[in-house]
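Colleague: Input: one structure, supplied below.
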Amino acid sequence: MTESTATPTIALGENQYGKAEVRLVRIDRDTERHRITDLSVTSQLRGEFTVAHTEGDNAPVVPTDTQKNTVFALARDGVGAPEAFALRLAEHFTSSFDWVTGGRWAVQQYTWDRIPSALTSHVTDGTHDHAFVRGGTETRTAVVQRDGDDVFVVAGLEDLAVLKSTGSEFHGFPKDRYTTLPETTDRILATSVTARWRYLGEVDYDAVFADVRRIMLETFADVHSLALQQTLYRMGERVLAEHGEIGEIRFSMPNLHHFLVDLEPFGLDNPGEVFYAADRPYGLIEAEVRRTDVAPEPRAWASVTGFC
């Protein structure tokens, strides 16, 4: 066989760059009762950056440090909903630099709760006006993708830890020589919900987020679950049924197993009260629930890490 001596044709493929995880804390002090907004913001630009890669020519490269400073500067006028803030960043960069044709702006919002207080100084309705305690593991998320004039908004949350102590079964599954899992008609169902959904237009982002979260929690609690897959689907089904402005919703939900501890060696019974919480390995259930009359939009989900 004769080895080819032809020079291969090589070209730059899709690319993006920016500043990741800019930690931004904004305190709104319009009144004596302050409000805290705690974000991690990632800005990544897409456009005509070929010469930067092929020739080391930085003429089109908006420094990542400039992107970081822009995050802080735009926050001076307020942040608002994370989706709205990401949209402002997208508009700024695509309108300020002709060769920036789009990008990806991702925001995580961390939860802070007001500290309850029985005192009266700087306290309103039982909570302190300017003292906060960090909330649980749950984080609100938003990703804005822009491609020319097309803008896509994906909202969501991650690490929403939920558990129900009964109302869950698992049986009727196939068995082979390696199956040791017993069937059960009463088990603990626990998971940590990651969910993201795509908006079909402009909405009141804070209000819709709060209601989607409410629906997911209510449905998780209400459904008598025969499998985590069933619970996941019902959660998505109800979200879409009540919010026509959402095209599809994606879930990633680990099955956080709780195994009944055998107390017989100690001469004790265990009527479903003492469990061992196994952190790994775990089942991982992932799925999209979508409207059949809404066309998929892969660009909205481009570079969204993981299944959802």
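Colleague: Based only on the alpha carbon positions, what is the Kirkwood hydrodynamic radius of region 15-148, in angstrom? It would help to have the intermediate numbers written out before the result.
Modeller: Working: mean 1/r = 0.0606 Å⁻¹.
Computed over Cα pairs of region 15-148, the Kirkwood hydrodynamic radius comes out at 16.5 Å.
Colleague: Dipole of region 156-307 (Lys/Arg Cβ +1, Asp/Glu Cβ -1, origin at the Cα centre): which of F266, G247, L163 lies farthest to the positive side?
Modeller: G247
Colleague: I've got another one for you. Run the quick spin-label model on D30 and A161: label points 7 Å from Cα toward the beta carbon, then report their separation in nm to one decimal.
Modeller: About 3.4 nm separates the two model spin labels.
Colleague: Moving on to the next point. Could you tell me which of G80, H130, Y110 has its Cα farthest along the dipole of region 15-148 towards the positive end, charges placed at Cβ (Lys, Arg +1; Asp, Glu -1), taken about the Cα centre?
Modeller: Farthest towards the positive pole: H130.
Colleague: Shifting gears a bit: Rounded to the nearest 20 debye, what is the charge dipole size of region 156-307 about its Cα centre when +1 sits on each Lys and Arg Cβ and -1 on each Asp and Glu Cβ?
Modeller: On the way: 15 positive and 25 negative charges, 85 e Å.
Roughly 400 debye, rounded to the nearest 20.
Colleague: Which trypsin sites (Lys or Arg not before Pro) from region 52-117 combine a DSSP loop assignment with at most 13 other Cβ atoms within 10 Å? Display every interim value, and only then the final one.
Modeller: Details: sites: K68, R76, R88, R104, R114; in loops: R76.
Sites meeting the loop and neighbour criteria: R76.
Colleague: Under a Cβ-only charge scheme (Lys and Arg +1, Asp and Glu -1), can you give me the dipole magnitude of the chain about the Cα centre, in debye to the nearest 20? Spell out each step's value before the answer.
Modeller: Numbers: 30 positive and 47 negative charges, 68 e Å.
In total the dipole reaches around 320 debye.
Colleague: Using a 1.4 angstrom probe on heavy atoms only, work out the carbon and sulfur share of the accessible area of region 124-279 in %.
Modeller: Working: 4190 of 8060 Å².
That fraction is 52 percent.
Colleague: Once phi is turned into θ = phi - 60°, what whole-Hz ³J(HN,Hα) does the Karplus curve with 6.51, -1.76 and 1.60 give for every residue of region 187-204, x standing for Gly and Pro?
Modeller: Values, residue by residue: 9, 6, 10, 9, 7, 10, 7, 10, 9, 9, 9, 9, 7, 9, x, 6, 9, 7 Hz.
Colleague: What accessible area, in Å² to the nearest ten, does a 1.4 Å probe give for K19?
Modeller: Looks like 60 Å² after rounding.
Colleague: With each label point set 7 Å from Cα along the Cα-Cβ vector, what nm distance links H130 and D293?
Modeller: 5.2 nm
Colleague: Another question about this same structure. For labels at T7 and S121 in the simple 7 Å Cα→Cβ model, what's the distance in nm?
Modeller: Modelled inter-label distance: 7.8 nm.
Colleague: OK, next. Which of rounded, prolate, oblate describes region 85-151, given a ≥ b ≥ c as roots of the alpha-carbon gyration tensor eigenvalues and a/c under 1.5 marking rounded, otherwise prolate only if a/b is larger than b/c? Intermediate results must be reported in sequence, preceding the final value.
Modeller: On the way: a/c = 5.57, a/b = 3.10, b/c = 1.79.
Here region 85-151 falls in the prolate category.
Colleague: Exactly which GluC sites (Glu not before Pro) in region 9-69 are in a DSSP loop and have at most 10 other Cβ atoms within 10 Å?
Modeller: Details: sites: E14, E21, E32, E48, E55; in loops: E14, E32, E48, E55.
Passing sites in region 9-69 are E14, E32, E55.
Colleague: Another question about this same structure. Please list the radius of gyration and Dmax for region 101-245, considering alpha-carbon atoms only, with Å as the unit.
Modeller: Looking at region 101-245, its Cα Rg and Dmax stand at 20.0, 67 Å.
Colleague: Is the shape of the chain rounded, prolate or oblate, going by the alpha carbon gyration tensor and its root eigenvalues a ≥ b ≥ c, with a/c under 1.5 for rounded and a/b larger than b/c for prolate?
Modeller: Numbers: a/c = 2.14, a/b = 1.31, b/c = 1.64.
The shape class here is oblate.
Colleague: Taking a cut-off of 30 Å between Cα atoms, list the lysines near K164, but don't count ones fewer than 8 places away on the same chain.
Modeller: By straight Cα distance, K164 reaches K175.
Colleague: Most fluctuating residue of G102, G56, G135 in a GNM of the chain with Cα springs under 10 Å: which is it?
Modeller: G56
Colleague: May I ask for the percentage of alpha-carbon pairs in region 156-307 that lie more than 25 Å from each other? Intermediate values should be presented prior to the final figure.
Modeller: Numbers: 4335 of 11476 pairs.
Tail of P(r) above 25 Å: 38 percent of Cα pairs.
Colleague: OK, next. Tell me the angle of helix 228-242 to the major Cα principal axis of the chain, expressed in degrees between 0 and 90 and rounded to the nearest ten.
Modeller: 60 degrees
Colleague: Antiparallel versus total DSSP beta bridges in region 131-245: what percent is that, nearest 5?
Modeller: Details: 19 of 20 bridges.
In region 131-245, approximately 95 percent of DSSP beta bridges are antiparallel ones.
Colleague: 222 nm [θ] for the chain, helices only, -39500 (n - 2.57) per DSSP H run of 4+, per residue, to 500?
Modeller: Value at 222 nm, helices only, nearest 500: -7000 deg cm²/dmol.
Colleague: Shifting gears a bit: Considering amide H positions built from the backbone, and no H for Pro or chain starts, which residues 5 or more places from H257, or on another chain, come under 5 Å of its amide H?
Modeller: Under 5 Å from the amide H of H257 lie the amide H atoms of A278, G283, each far enough along the sequence or on another chain.
Colleague: Which of the GluC sites (Glu not before Pro) found in region 201-308 are loop residues per DSSP with 12 or fewer other Cβ atoms within 10 Å of their Cβ? Provide the component values of the computation, followed by the final result.
Modeller: Working: sites: E202, E218, E237, E242, E245, E248, E273, E286, E288; in loops: E202, E245, E273.
Of the GluC sites (Glu not before Pro), the ones in loops of region 201-308 whose Cβ has at most 12 other Cβ atoms within 10 Å are E202, E273.
Colleague: List, in order, the whole-Hz ³J(HN,Hα) value for each residue of region 123-135 obtained from phi through the Karplus relation with A = 6.51, B = -1.76, C = 1.60 and θ = phi - 60°; use x for Gly and Pro.
Modeller: Along region 123-135, the couplings run 10, 10, 6, x, 10, 6, 6, 9, 10, 10, 10, 4, x Hz.
The values are calculated or read from the model by the stated rules, or taken from the named source; none is laboratory data. Model, not experiment: these values are computed from the prediction. Counting neighbours? That spans all protein chains shown, and the Cβs are built from the backbone with ideal geometry, glycine included. Heads up: the accessible areas ignore ligands, DNA and RNA and are worked out on the full protein's heavy atoms, side chains in. Shrake-Rupley method; radii C 1.70, N 1.55, O 1.52, S 1.80 Å.
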